[in-house]
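Chemist: Here it is: the structure, laid out below.
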Amino acid sequence: MNIKKIFLIFSLLLIFPFDQALALTKYNLPAISQIKAIKSNASIDELIDLLPEDANIVDPYLFLVNPSNPNNNQVDVDLVTSIEGIPYAASIEEKLNQMLQAGLENDYQFTIISGYRSTDQQAGLESSRKQALMAVGYSESEAIHLTNLYTAPANATEHMTGLAIDILGQDWTSIGGGLTENYSESGSAQWLEENAAKYGFILRYPQNKSEITTFNFEPWHFRYVGQLNAQFIMEHGLTLEEYLALIEERDKREKSEKIRQAAKNQAVNEAREWLEEQKKTIDELFNNESFNKKDHD
Ligand SMILES: [Zn+2]
């Protein structure tokens, strides 16, 4: 049947780009029921309605690397180096510099502690942290557990993307502060949390989100995701994992709506076809009748 073939081609055209997008990512994401906008308290439906139109699951700036989505391939990153000698992705240089400049204008000077790390470097870091803990008396399994709270396995750290930086303010480092949770009490950490999104950065491992991110609160770890994405994530109190799950849910809903529409169109076409057949039958009947009439005359 022609109409059915046309319908099939039409449906494939609609469905294919979404399937292709989903096939490219295949992230392991939190269930939609786990998503919680801890700042805005917006519902899932509201969040999906409010999502930036351009939010795209295959956006390279939303590239997800975490323990549920490890990446065993070395990521190819164009690197630049900060004044501290820390490498990070060249693609975020301009925005990072703008953020550092804005910090200075507010009397916060920042130091970049860490940026891009190759898988090998991360493996080295993991093992040295574990060894240090064992040296002070922890068992191997305790040392591994403690290390994993702050140090991602080599194939699960987003530092490999070059889009993540560990950053501390001088108000904190000058009093001997390091990469610890109470950095969040300092003015510079609070300024960063409030302003990073304007430059496309998010606080990647927020407080009360450990179940989603599998990382403890890291007030020093910021991740570039692009300005619109960052503003949405920070305004609602979400994580990158939840944001991607929302985009995936939106795409699923749009896809099923398109299929529903296409099915509706098919029903309309079938009804039209049926009506045309009926019309033909009636016309034939009418023609026969008038023919018969003529016979009688
Ligand atoms: Zn980090």
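Chemist: Of the numbered conditions (1) within 14 Å of the ligand (Cβ to nearest atom); (2) touching a residue at least 40 places away in the same chain (Cβ under 8 Å); (3) β-branched (Val, Ile, Thr), Thr119 satisfies every one except a single condition; which is it?
Modeler: Looking at each condition in turn, Thr119 falls short on (1).
Chemist: Count, please, the residues in the stretch 74-84 that happen to be open to solvent by 40 Å² or more (accessible area, probe 1.4 Å) and modelled with pLDDT under 95.
Modeler: If we filter the stretch 74-84 for residues that are open to solvent by 40 Å² or more (accessible area, probe 1.4 Å), which is where we start, we get 74, 76, 78-79, 81, 83-84.
Filter once more, so that each one left must be modelled with pLDDT under 95: 74, 76, 83-84.
Qualifying residue count, the stretch 74-84: 4.
Chemist: So, of the residues in the stretch 136-154 that are under 25 Å from Asn71 (Cα atoms) and β-branched (Val, Ile, Thr), which turns out to be most open to solvent (accessible area, probe 1.4 Å)?
Modeler: The selected residue is Ile144.
Chemist: Just a yes or no: is a residue in the stretch 230-251 within 12 Å of the ligand (Cβ to nearest atom) and either open to solvent by 30 Å² or more (accessible area, probe 1.4 Å) or assigned to a loop (DSSP other than H, G, I, E, B) (or both)? Let's see the steps before the verdict.
Modeler: Going through the stretch 230-251, the residues within 12 Å of the ligand (Cβ to nearest atom) turn out to be none.
No.
Chemist: Within the stretch 99-135, take every residue that is among the polar types (S, T, N, Q), out of contact with any strand residue (DSSP E or B) (no Cβ under 6 Å at 6 or more places or on another chain) and not in a loop (DSSP other than H, G, I, E, B) and give me the one that is least open to solvent (accessible area, probe 1.4 Å).
Modeler: Our first condition is that a residue be among the polar types (S, T, N, Q); within the stretch 99-135, this holds for 101, 106, 109, 111, 114, 118-119, 121-122, 127-128, 131.
With out of contact with any strand residue (DSSP E or B) (no Cβ under 6 Å at 6 or more places or on another chain) added as a condition, the list becomes 101, 106, 109, 118-119, 121-122, 127-128, 131.
Remaining after also requiring not in a loop (DSSP other than H, G, I, E, B): 101, 119, 121-122, 127-128, 131.
Values: Gln101: 89, Thr119: 26, Gln121: 103, Gln122: 2, Ser127: 57, Ser128: 61, Gln131: 99 Å².
Applying the filter and picking the extreme gives Gln122.
Chemist: Now for a separate question. Please go through the stretch 207-220 and give me each residue that is within 17 Å of the chain's Cα centre (by Cα) and open to solvent by less than 20 Å² (accessible area, probe 1.4 Å), ordered by number. Let's see the steps before the verdict.
Modeler: Of all residues in the stretch 207-220, those within 17 Å of the chain's Cα centre (by Cα) come to 209-215.
Once the filter is applied, which keeps residues that are within 17 Å of the chain's Cα centre (by Cα) and open to solvent by less than 20 Å² (accessible area, probe 1.4 Å), the stretch 207-220 yields Lys209, Thr213, Phe215.
Chemist: May I ask you to say which residue of Gln190, Gln261, Gln227, Gln231 is more than 25 Å from Thr173 (Cβ to Cβ) and free of Cβ contacts under 8 Å to residues at least 24 places away in the same chain? Let's see the steps before the verdict.
Modeler: Working: Gln190 fails: more than 25 Å from Thr173 (Cβ to Cβ); Gln227 fails: free of Cβ contacts under 8 Å to residues at least 24 places away in the same chain; Gln231 fails: free of Cβ contacts under 8 Å to residues at least 24 places away in the same chain.
Selected residue: Gln261, the only one of Gln190, Gln261, Gln227, Gln231 that is more than 25 Å from Thr173 (Cβ to Cβ) and free of Cβ contacts under 8 Å to residues at least 24 places away in the same chain.
Chemist: Residue by residue through the stretch 178-194, note down the ones that are away from the ligand (no atom under 16 Å from the Cβ) and assigned to a loop (DSSP other than H, G, I, E, B).
Modeler: Filtering the stretch 178-194 down to residues away from the ligand (no atom under 16 Å from the Cβ) leaves 182, 185-188, 190-191, 194.
Listed by number, the list holds a single entry, Ser186.
Chemist: Given the conditions (1) touching a strand residue (DSSP E or B) at 6+ places or on another chain (Cβ under 7 Å); (2) within 15 Å of the ligand (Cβ to nearest atom); (3) open to solvent by less than 10 Å² (accessible area, probe 1.4 Å), report the number of the one that Gly169 does not fulfil.
Modeler: (2)
Chemist: Taking the stretch 30-50, which residues are farther than 10 Å from Ala245 by Cβ, part of a loop (DSSP other than H, G, I, E, B) and in contact (Cβ under 8 Å) with a residue 12 or more places away in the chain?
Modeler: Lys36, Ala37, Ile38, Lys39, Ser40, Ala42
Chemist: For the subset of the stretch 155-164 comprising residues that are of a type outside the set (Ser, Thr, Tyr) and within 14 Å of the ligand (Cβ to nearest atom), which member is surrounded by the most Cβ atoms within 10 Å (Cβ to Cβ)?
Modeler: So the first thing to find is which residues in the stretch 155-164 are of a type outside the set (Ser, Thr, Tyr), and the list is 155-156, 158-160, 162-164.
From what's left, within 14 Å of the ligand (Cβ to nearest atom): 156, 158-160, 162-164.
Working: Ala156: 20, Glu158: 21, His159: 24, Met160: 24, Gly162: 23, Leu163: 28, Ala164: 25.
Step by step, filter the stretch 155-164, then rank; the result is Leu163.
The values are calculated or read from the model by the stated rules, or taken from the named source; none is laboratory data. Not measured: the values here are computed from a predicted model. Using ideal geometry, Cβ is built from the backbone for each residue, glycine included, and neighbour counts are taken over all protein chains shown. Note: accessible area is taken over every heavy atom of the protein model, side chains too, but ligands, DNA and RNA are not part of it. Shrake-Rupley method; radii C 1.70, N 1.55, O 1.52, S 1.80 Å.
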